[in-house]
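Colleague: Got a structure here, written out as structure tokens. Questions coming.
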Amino acid sequence: MRLVPALSMALAALMLASLTVGAANVDLRGIFRDPQAMLVLLESRLPRTLAVTLTGAALSVAGVLIQVLVRNRFVGPDTSGTAEGAALGLLAITILAPTSALWLRMGAAALGAMATTALFVTVIRRLPPREVMLVPIAGLVLSGVLGAVVTFIGWQTDLMQYVGAWLYSGEFSGVIAGRYELLWIAGLAAGLAWLAADRFVILALGQQVATGLGLSTAAVMRLGLLVVSVVTAMVVTTVGMIPFVGLVVPNLVSRIMGDNLRASLPVVALAGALLVLACDLIGRLAIHPYELPAGLILGVLGAGLFLWLLHKRPSHG
Amino acid sequence: MIQIEGVSHHIGTAQILRDISTSLPEGRLTALIGPNGAGKSTLLRLIGRLEPLQAGRITVDEHDVARCPTGCLARVMAILGQQTAIASRLRLSELVGFGRWPHHQGRPSADDHARVAEALDAFALTPLAGRFLDEVSGGQAQRAHIAMAFAQDTPWLLLDEPLNNLDMSHARALMVRLRGLVADGGRSVAMVVHEINYAAAWADHVVAMKDGRIFATGAPAEVLTEEVLSALYDASIRVGQHHGRPLVLHHA
Amino acid sequence: MDRSGWMLAGLVALLAALSALWMLQGLGAGNRGFVLGLRAGKLAALVIVGAAVAVATVLFQTVAANRVLTPSIMGFDALYVLIQTTLVASFGTAAYAGLPAGGKFLSEVAVMTALACLLFGTLLARGGRDVPRMILTGVILGVMFRAMAGFLGRIMDPSEFAVVQSVSFASFNRVNADLLPIAAAVTALAVGLALRMAPRLDVLALGRDAAVSLGLRHQALVLAALALVSALVAVSTALVGPVAFFGLIVAGLAHALARTARHRVLLPAAALIAACLLVGGQWLFERQLGQAATLSVVVEFAGGLFFLYLLLKGRIR
Ligand SMILES: Nc1ncnc2c1ncn2[C@@H]1O[C@H](COP(=O)(O)OP(=O)(O)O)[C@@H](O)[C@H]1O
Ligand SMILES: [Mg+2]
């Protein structure tokens, strides 16, 4: 497959573009002679570009995992209550211990995300098994209910501004050096998933096959839950939830190259990074010098893609 | 008479019916037979204007199905589809009562009530009249749907697999009643049946379909032969005789 | 009087009692006229919104032959918000604010009715065989409309953060008082028409095949009902914002209490139940608990849980 080199080249090109686009003019050719430009590059452009890339890649991988966990293609980390769970955790720690250290807040977010995702998976397992479309509906409603709780607590405690930034904005304009590094953890978690790719493929084949092959499904499920929660929690904490990436990218890639995750996860990550980076660039250029949040663009674009996936004729059969 | 001329039907890219022309005689009980997926339901739904006509022409007693207002057609034919599940929670008497709707448009008269009672009685539903649809068995619900079509009191009755879920005695009772409607009431019935022997025992006219085409038509004695049935169902089928009518033997 | 008559009378009496309580309780000595006027306005708004949401939901459930749907779950209110934003964007904020409130509202209702009939009429006609896919499509359309509204809002006013937020939450507190007379008129008209259609709606509820077989002009009635739904959703959204799940509770209660499928009973019962819930709930939360903002969240939360419960019981149809 020549997909990986092609996507890598495209991503590299977009990353270069991302380094040069912004309010201040940065000319990469003269960068070493211009300390001012160097500063902008290192403090703002490079962190932002990395943040976008990491977010897109990690969220897409998390999307694959949640789809394996509930064995349904039409869900993503943004429609499983995961982001709302992270926000709940963050709210709890902010209210209970406002001055706590960063790693504590991170932990709280990840724990919250894990709890609600586990709830989602439990709910799904009780649904009538043949109703494929019920799963995403249940996920969307669960997200809605949890979102109502988060919003309510946010209003009551005057933290609505944070809630808005975590759940409803999804933008990268605030990213500077020192404020995005948590996303590397998300990237690492996604890498961990790749190491266990074969296990997830077997898990997707169902309980019976997995047991027959001697795989402990519980352990793999816990790993999947952990990765999804950590990725989502880091994204929510640093840039705010980005909708639809984790949902559409795995579907698109799976259509082209199937579900052998060891081969396809890198492609998923690259494609996710590419998509989010493209949206971020559009957001930066559309109403220059103002910015549109990448999350907003993805809300429209991703929903359109999803509707297409939902209604396209099956490619065979 | 129901006249079908050059009817074809597509769903997506799949051709379901291919250039069908035939007629269903008036004052007769017509049985539609054929393997699963032959297009029987589709044809019946097209006649009953549940599906818009794509090509060709269908008339029911001179009413063009594609042109005639739907309210007018509802007084010419009653159709009971294969899928009868409904979302609202109705009592059996209420459901059957809707059969009178084409006649009163929401303001039932004493005559309408009487006919509903008659229909309930005819299908042995009077003791269950006050129950909700989800509180009766599948066969009882099926009888209620048939009773509703019956209460509509139309010259034509189109039924898609009405014997589904019915036990032997209710199935026979239904056939006897339909036979009576045709013989004494001057009505016409077209029905899809899977159990060939019901067609053999009660039908006047048989239409056999296969792969979206008419495979054979005619009197039961002409259509229900070993040769036709074996080719129709792609299986070797033996046919005997019983009281002068064909009897299909399942034990090969 | 039969059972249904007694039930409706009881509901009317309950609503009257709650209204009296709302108007008169804790009425101090000073400035009675002012306080009464204020309370009367809010009471009217609550009753109108209740009736609009309830009738819209029952109508929609009948059209869709489905008991777990509400117009809001299917994206109706998001469509209204999008239309509003689009109109503001195309006329310019200042120019649009200058137009008379009533005329603006009526033209919004007209556009909404046309678009909703087109969109959801097609969706319902196509989705008959695959209900869950149709629901999911509606939900995603809602997400997309909301994102597009946010998108337009951002382009109009890039510095504005609140746009995206204000289209996401309902509040029974900040009622748009200018619109009350016209909203009352639209609601009364729509409810009246719905009651006139009641016998035909009873037939429609039997499902498409049975209704056509009985000679109902199915397509025309579906479009008429959808038009009423659109107008009613426009009323409730304009007054208080989107309420996704409230209608679900109300319609469920109405079906349970009325124990009949006759719309002549169902529609008024649902409207009365909704009005009682809103007036009683607002009284409880605002006057007794001092938590004016809470009602909408509690209502949404309870409605969302009820929806999940219905899903888990497999009651999707
Ligand atoms: N909604 C549909 N989409 C695609 N194909 C359909 C649909 N409904 C029916 N068909 C196909 O049309 C053919 C005829 O169906 P039908 O008329 O129900 O057959 P029958 O009632 O004779 O068993 C079958 O092959 C069936 O698969
Ligand atoms: Mg059939």
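Colleague: Using Cα pairs closer than 8 Å and at least 6 residues apart in sequence, work out the relative contact order for chain A, in percent.
Modeller: RCO, chain A: 30 percent.
Colleague: On the first, second and third principal axes, largest extent first, how far apart are the outermost C-alpha atoms of region C:186-272 in Å?
Modeller: The Cα atoms of region C:186-272 stretch 41, 27, 21 Å along the principal axes, largest first.
Colleague: Given a 1.4 Å probe and every protein chain left where it sits, what share in percent of the accessible area of region A:120-265 is carbon and sulfur?
Modeller: For region A:120-265, the apolar C and S fraction of the accessible surface comes to 62 percent.
Colleague: Further, regarding this structure: Give me the inter-chain shielding for C:299-312: mean count of other chain Cβ atoms within 10 Å, whole number please.
Modeller: That works out to 5 on average.
Colleague: Another question, then. Report P(r) for region A:86-226: all Cα-Cα distances, bin width 10 Å, range 0 to the bin holding the largest distance, values in whole percent.
Modeller: Going from the shortest bin to the longest, the percentages are 10, 30, 35, 20, 6, 0.
Colleague: Taking all pairs of distinct Cα atoms, average 1/r, flip it, and tell me the Kirkwood hydrodynamic radius of chain C in Å to one decimal place.
Modeller: 20.1 Å
Colleague: Please give me the summed charge of the neighbours of B:L178: other residues whose Cβ is under 12 Å from its Cβ, Lys and Arg +1, Asp and Glu -1.
Modeller: Around B:L178, the surrounding residues sum to +3.
Colleague: Give me the one-decimal nm value for the distance between modelled label points at C:S90 and C:W6, 7 Å along each residue's Cα-to-Cβ direction.
Modeller: Placing both labels 7 Å along Cα→Cβ, they lie 5.5 nm apart.
Colleague: Which value, to two decimals, describes the C-alpha radius of gyration of region B:89-200 once divided by 2.2 N^0.38 Å?
Modeller: Expressed relative to 2.2 N^0.38 Å, the Cα Rg reads 1.04.
Colleague: Tell me which lysines have Cα within less than 23 Å of C:K42's Cα, excluding those fewer than 8 residues away on the same chain?
Modeller: List returned: C:K104.
Colleague: Continuing with the same structure: Give the average, rounded to an integer, of partner chain Cβ atoms located within 10 angstrom of each Cβ in C:200-208.
Modeller: Going residue by residue through C:200-208 and averaging, the value is 5.
Colleague: Highest GNM mean-square fluctuation, chain A, Cα pairs closer than 10 Å: which of A:V236, A:V149, A:V267?
Modeller: For chain A, modelled as a Gaussian network with Cα springs under 10 Å, the answer is A:V149.
Colleague: Here's another thing I want to ask about it. Sorted from largest down, what three extents in whole angstroms do the Cα atoms of the protein assembly as shown have along their principal axes?
Modeller: Extents along the principal axes, in whole Å: 106, 81, 49.
Colleague: Would you mind telling me the antiparallel percentage of the DSSP bridges in the protein assembly as shown, rounded to 5?
Modeller: If we restrict to bridges inside the protein assembly as shown, about 60 percent are antiparallel.
Colleague: Rounded to the nearest percent, how much of the accessible area of region B:2-226 (1.4 Å probe, protein heavy atoms only) is carbon and sulfur?
Modeller: 48 percent
Colleague: On to the next question. How many square angstrom of accessible surface are buried between A and C, both sides summed, with a 1.4 Å probe and rounding to 100?
Modeller: For A against C, buried area totals roughly 3500 Å².
Colleague: Within region C:11-59, list the trypsin sites (Lys or Arg not before Pro) lying in a DSSP loop whose Cβ has at most 15 other Cβ atoms in a 10 Å radius.
Modeller: none
Colleague: Which of the lysines could a cross-linker span from B:K210 if the Cα-Cα distance has to be under 21 Å and same-chain partners fewer than 8 positions apart are dropped?
Modeller: Within the straight-line cut-off, B:K210 pairs with B:K40.
Colleague: Please list B:E161, B:E195 from largest to smallest accessible area, probe radius 1.4 Å, with all protein chains kept in place.
Modeller: B:E195, B:E161
Colleague: What order do B:Y198, C:Y309, C:Y96 take when sorted by accessible area (1.4 Å probe), most exposed first?
Modeller: Largest accessible area first, the residues go C:Y309, B:Y198, C:Y96.
Colleague: Hey, what's the protein assembly as shown come to in accessible area per residue, 1.4 Å probe, Å²?
Modeller: Ligands and nucleic acids excluded, the result is 41 Å² per residue.
Colleague: Given axes a ≥ b ≥ c from the Cα gyration tensor, I'd like to know whether region A:245-317 is rounded (a/c under 1.5), prolate (a/b larger than b/c) or oblate.
Modeller: oblate
Colleague: Using a Debye calculation, one point per C-alpha and no hydration shell, please list log10 I(q)/I(0) for region C:218-257 at q = 0.19 Å⁻¹ in order.
Modeller: Normalising to I(0) and taking log10 leaves -0.72.
Colleague: Rounded, prolate or oblate: pick one for chain A, where a ≥ b ≥ c are the square roots of the eigenvalues of its C-alpha gyration tensor, a/c under 1.5 means rounded, and failing that, prolate if a/b is larger than b/c, else oblate.
Modeller: In terms of gyration-tensor shape, oblate.
Colleague: Another one. Anyone know which of C:E300, C:E286, C:E108 comes out most mobile in the 10 Å Cα GNM of chain C?
Modeller: Answer for the Gaussian network model of chain C: C:E286.
Colleague: Still on this structure, please answer the following. Roughly how many Å² of A:W155 are accessible to a 1.4 Å probe, to the nearest 10?
Modeller: Spelled out: A:W155, probe radius 1.4 Å, area about 140 Å².
Colleague: I've got another one for you. How big is the C/B interface in buried accessible area, both sides summed, 1.4 Å probe, to the nearest 100 Å²?
Modeller: Answer for the C-B pair: about 2000 Å² buried.
Colleague: What does the convex hull of the Cα atoms of region B:2-226 come to per residue, in Å³, rounded to a whole number?
Modeller: Taking only Cα atoms, region B:2-226 has a hull volume of 125 Å³ per residue.
Colleague: List the residues of region A:152-170 for which accessible area in the full set of protein chains is at least 10 Å² lower than for the chain on its own; 1.4 Å probe, protein heavy atoms only.
Modeller: For region A:152-170, once contacts with the other chains are taken into account, A:F152, A:W155, A:Q156, A:M160, A:Q161, A:G164, A:Y168, A:S169 lose 10 Å² or more.
Colleague: List the residue ranges in chain A for DSSP H helices whose C-alpha atoms run 27 angstrom or more along the long axis and whose Kyte-Doolittle average is 0.0 or above.
Modeller: A:46-70, A:102-125, A:134-156, A:217-238, A:261-286
Colleague: Using a 1.4 Å probe on protein heavy atoms, which residues of region B:101-122 have at least 50 Å² less accessible area in the complex than alone?
Modeller: B:W101
The values are calculated or read from the model by the stated rules, or taken from the named source; none is laboratory data. The structure displayed is predicted, hence computed values, not measured ones. Cβ: placed from backbone, ideal geometry, glycine included. Neighbour counts: every protein chain shown. These area figures cover heavy atoms from the full protein model, side chains too; ligands, DNA and RNA do not enter into them. Shrake-Rupley method; radii C 1.70, N 1.55, O 1.52, S 1.80 Å.
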